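Below: one structure, written as structure tokens.
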Amino acid sequence: MKVVGKVFKFGDNVDTDVIIPARYLNTSDANELAKHCMEDIDPTFANKVRRGDIIVAGENFGCGSSREHAPLAIKSCGAACVIARSFARIFFRNSINIGLAITECGDAADDAENGDEMSVDMASGEIVNVTKGKRYRTMPFPEEIQQIISRGGLMKAAK
């Protein structure tokens, strides 16, 4: 799977309450969640993000509660991938379970700026900041995990 998109950059410790505020957890409708993704940190995010764009963040992205709503909101709003210095473990697993591509690469996360164009090749682990002409390497997921993500999540892959 290869992703090319515009960067939306966030900082460290972006928690699940920021990714999808608790006041919207009365639904699990993906389209409704998408409308409110990142609303408390960037009220215009859901209107600006386009299919294929990339969220880049610092350390401990997705910390907080274990809700699956957070990666679902990100995926449903159009973001195709999240690159972070590190992820909260439960967010990491929930992302795979719903089919959201994620990868850890501190150098790529540190160097990226809002609006940069980046490409991510999940199979090879190559990340390119096209805007800056810089390349990075990350450890690709094993083939089984890549298949889960490419099929849209664990439940879809199991069918």
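The values are calculated or read from the model by the stated rules, or taken from the named source; none is laboratory data. The shown structure was predicted, so the numbers you read here are calculated from the model rather than taken from an experiment. Positions of Cβ are backbone-derived with ideal geometry, glycine not excepted, and every protein chain shown enters the neighbour counts. With ligands, DNA and RNA removed, areas are computed over all heavy atoms of the protein, side chains included. Shrake-Rupley method; radii C 1.70, N 1.55, O 1.52, S 1.80 Å.
Report the calculated FRET efficiency for E117 and M1 (r = Cβ-Cβ distance, R0 = 25 Å), to the nearest 0.05.
0.90
So what's the projected area for segment 1-46, the Cα convex hull averaged over all directions, in nm²?
Mean projected area for segment 1-46: 4.3 nm², to one decimal.
Please compute the net charge surrounding I149, taking Lys and Arg as +1 and Asp and Glu as -1 over other residues with Cβ under 14 Å from its Cβ.
Taking every Cβ under 14 Å from that of I149, the sum is +2.
Could you pull the accessible area for I90 with a 1.4 Å probe, rounded to 10 Å²?
80
Grab the eigenvalues of the alpha-carbon gyration tensor for segment 102-145, scale each by 5, take roots, and send me the semi-axes largest first in whole angstrom.
Three semi-axes, in Å: 20, 10, 8.
On the full set of protein chains, 1.4 Å probe, figure out the accessible area of T138 and give it in Å² to the nearest 10.
20
Hey, any idea what the orientation-averaged projected area of the convex hull of segment 9-159's Cα atoms comes to, in nm²?
The number I arrive at for segment 9-159 is 8.1 nm².
Normalised by the number of residues in the chain, what is the relative contact order in percent for Cα pairs under 8 Å and 6+ residues apart?
Relative CO of the chain lands at 25 percent.
Among K75/K134; K75/K132; K35/K132; K134/K156, which pairs are too far apart, with a Cα-Cα distance over 29 Å?
K35/K132; K134/K156
Once phi is turned into θ = phi - 60°, what whole-Hz ³J(HN,Hα) does the Karplus curve with 6.51, -1.76 and 1.60 give for every residue of segment 45-59, x standing for Gly and Pro?
So the J values, rounded to whole Hz, are 3, 4, 7, 8, 5, 10, 3, x, 5, 10, 8, 10, 8, x, 7.
Which distance in Å, rounded to a whole number, links the C-alpha centroids of segment 108-149 and segment 26-92?
Between the Cα centre of segment 108-149 and that of segment 26-92, the gap is 17 Å.
Rounded to the nearest 500, what is the 222 nm mean residue ellipticity of the chain from helices alone, with -39500 (n - 2.57) per DSSP H run of 4+ residues and division by all residues?
-7500 deg cm²/dmol
What list of ³J(HN,Hα) couplings, whole Hz, do you get for segment 62-78 from phi and the Karplus terms 6.51, -1.76, 1.60, once you set θ to phi - 60° and write x for glycine and proline?
Each residue's phi maps through the Karplus curve to give x, 5, x, 6, 8, 5, 6, 4, 5, x, 5, 4, 5, 4, 6, 7, x Hz.
Please work out the FRET efficiency for the pair E32 and T131, using the Cβ-Cβ distance as r and a Förster radius of 30 Å; give the result to the nearest 0.05.
In this case the efficiency is close to 0.35.
Report in % the part of the accessible area of segment 1-134 that belongs to carbon and sulfur, leaving out ligands and nucleic acids; probe 1.4 Å.
That fraction is 46 percent.
Once you list every other residue whose beta carbon is under 13 Å from the beta carbon of V4, what net charge do they have if Lys and Arg are +1 and Asp and Glu are -1?
Neighbourhood net charge equals -1.
Where does each of L100, L154 land when they are ordered by accessible area, with a 1.4 Å probe and the largest first?
The most accessible residue leads, giving L154, L100.
What fraction of the Cα pairs in segment 77-124, stated in percent, has a spacing above 18 angstrom?
More than 18 Å apart: 31 percent of the Cα pairs in segment 77-124.
What number comes out for the charge environment of I98, summing +1 per Lys or Arg and -1 per Asp or Glu over other residues with Cβ under 9 Å away?
Net charge in that neighbourhood comes out at 0.
With every protein chain left in place, what is the accessible area per residue of the chain in square angstrom, probe 1.4 Å?
Result: 47 Å² per residue.
Based on DSSP, what percent of beta bridges with both residues in segment 1-156 are antiparallel, to the nearest 5?
Once the DSSP bridges in segment 1-156 are tallied, antiparallel ones form about 50 percent.
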